[in-house]
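What follows is a single structure, written as structure tokens, with notes after it.
The numbers here are math on the coordinates, done by the rules we state, and not lab data. Bear in mind the structure is a predicted one, so any value in this text is a computation, not a measurement. Reconstructed Cβ throughout: ideal geometry from the backbone, glycine too, with neighbour counts over all protein chains shown.
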Amino acid sequence: MNQRVGFESFAEAAELLALSETRQPRVQSAQARQSPLTNVHVEVRGVGKVYTSGRQRVEALRNIDLNIQRGEIFGIIGRSGAGKSSLIRTLNRLEDVSEGQVLIDGTDIGVLSRDALAKQRRRIGMIFQHFNLLNSKTVLQNLALPMKAAGEKDVGVILSRARNLLQLVGLEDKENVYPSRLSGGQKQRVAIARALMTKPEILLCDEATSALDPETTHAILELLNDIRLKLGITVILITHEMAVISEICDRVAVMHEGEVVEQGEVALVFRQPQHQATRALLAPIKRMIQRAEVFGHEPAYT
Amino acid sequence: MSQRILEALWQAFLDTVWMVGASAVIVWFAGLALGLFLVTSDKGGIFAAPRANAVLGALVNGFRATPFIILLVALIPLTRLLTGTTIGVWAAIVPITISATPFFARIAEVSLREVGAGVVEAAQAMGCKRRHIIFNVLLPEAMPGIIGGFTITLVAMINASAMAGAIGAGGLGDLAIRYGYQRYDTAVMLAVIAVLIVLVCVIQYIGDRYAHYLRYR
């Protein structure tokens, strides 16, 4: 196969994927383009992370620098073991960094006391690949926990906020259901609502769609974009799927063996991938487009 | 079976229920506390203290390894100190509690460890303090397994109470030994065994149902 020709048509298609598919205006993205990096929300400065167990020493993160803008959806992509999970977990200090700093609104979270950290974490929501809902509690009780932990005693306040958020995620009829009765997509919606209970300014998504089927993935990503537009929060997500990045991210950082090897506007990275790791991650989409060319541009099933 | 024997049987039943019931209350709280400590003080736990964890783990193993009948005798000075006597129902509560607590702690520990690290992490990420994690995450999430484990512990405690009977604690075991074994009265022995079977079945049934209810709601 002629690699060169394939790549050119692929670049075109990638542009299509990244640009024309924008259903909703990428407000923040446009802003960011006009005045680059003026509104830094999360700053990662020279972060390194080393795990030691016995004599084994694994360098999971090396010299990571990121500037994440307020209100943008920032994607971090890499294959398993690239360090993206470690990286996102340093952003709310589920993982302590070995070197460097994580600054949120200019505050180094590495120096916060235990109580101050708990407080800071209430301003950073997080959702996970496996949802991590409490099976012993109903949807409503799950949503109540972060607010109870924040010291909110007024049940009315908790209830009204929970109901608002359940409406936002489209599960207003499930408030008294236990998680075991929900589908994967519904569980993730509950997890999103739970993460938003304390009115965070940042939402971290740790492989949030990796356990979901493509249709549900799409619905959840739409919801995340919707939330970003409605609430204006910064969304940072990690994934191993370029499709996820292309669907909602404004900017992307590509990780490879503990380092960020490439970062920038999604469209740009798709059009002109610089690093071998990026090309490898784009390969599935490339293959799909090539197959589509073989099959013909007009899908037969419509 | 004479009226006298039936009365003795009823009294012995009450003694057993008392012994096991009172011990069970202590074992529930002490065992859970110990189990929580074993889990949360482990390396990477929310109250990480590996040294204390290792010491306590060894202590628990020590008590678990000692046969109950030996513990029973070895604890006599402590029993006398706490209850002022070494015979009777109250005296039996001391060794039963001390032998069942580490047992239940280990069982509770297994259930608590099965609460996924992810769920604890989610709680930390939402700003829960350690107290919230224990009472809102670890305990409720592990509860079905803990209830199942406590049921097993209760049955083991009924067993132990029969042995405690051998050193004058009273109860069903004592009755079975004195009448059934020492006086060759097989009918009493069988009656005691029947009562014990019913008692164990009832406890197991209730425990299973409750654990099932918690697990599959």
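Before moving on, here are some points about what is shown:
- The combined condition, being closer than 18 Å to residue A:239 by Cβ, surrounded by fewer than 20 Cβ atoms within 10 Å (Cβ to Cβ) and touching a strand residue (DSSP E or B) at 6+ places or on another chain (Cβ under 9 Å), is fulfilled by residue A:79.
- Scanning the range A:111-125 for residues that are at the interface with chain B (Cβ under 9 Å from one of its Cβ atoms) and either free of Cβ contacts under 8 Å to residues at least 40 places away in the same chain or of a type in the set (Gly, Ala, Ser) (or both) yields a total of 8.
- Whichever residue in the range B:124-153 is aliphatic (A, V, I, L, M) and more than 7 Å from chain A (Cβ to nearest Cβ) and, among such residues, is nearest to residue A:147 (Cα to Cα): B:133
- Residue match in the range A:67-89 (condition: touching a helix residue (DSSP H, G or I) at 6+ places or on another chain (Cβ under 9 Å) and within 14 Å of another protein chain (Cβ to nearest Cβ)): yes
- In the range A:58-72, the residues that are in contact with a Ser or Thr (Cβ under 8 Å, 6 or more places away or on another chain) and either under 13 Å from residue A:238 (Cβ atoms) or among the hydroxyl-bearing types (Ser, Thr, Tyr) (or both): A:61, A:68
- Counting only helices (runs of 4 or more DSSP H) that fall entirely inside the range A:126-240 and contain at least 3 residues that are touching a residue at least 24 places away in the same chain (Cβ under 8 Å), within 14 Å of another protein chain (Cβ to nearest Cβ) and touching a Ser or Thr at 6+ places or on another chain (Cβ under 9 Å), the qualifying elements are A:139-149.
- Taken across the range B:40-48, residues that are in a helix (DSSP H, G or I) and free of Cβ contacts under 8 Å to residues at least 24 places away in the same chain do not occur at all.
- For the range B:184-217, the set of residues classified as outside any helix (DSSP H, G or I) and among the basic types (Lys, Arg) consists of B:217 only.
- Out of B:121, B:109, sole residue that is surrounded by 21 or more Cβ atoms within 10 Å (Cβ to Cβ) and within 29 Å of residue B:38 (Cα to Cα): B:109
- Taken over the range A:61-116, the residue count meeting the criterion of being in contact with a Phe, Trp or Tyr (Cβ under 9 Å, 6 or more places away or on another chain) and closer than 17 Å to residue A:39 by Cβ is 2.
- Selection within the range A:160-207 - closer than 14 Å to residue A:140 by Cβ and hydroxyl-bearing (Ser, Thr, Tyr): A:160, A:178
- Scanning the range A:82-107 for residues that are more than 12 Å from residue A:236 (Cβ to Cβ), of a type in the set (A, V, I, L, M), surrounded by 19 or more Cβ atoms within 10 Å (Cβ to Cβ) and in contact with a Lys or Arg (Cβ under 8 Å, 6 or more places away or on another chain) yields a single hit, A:97.
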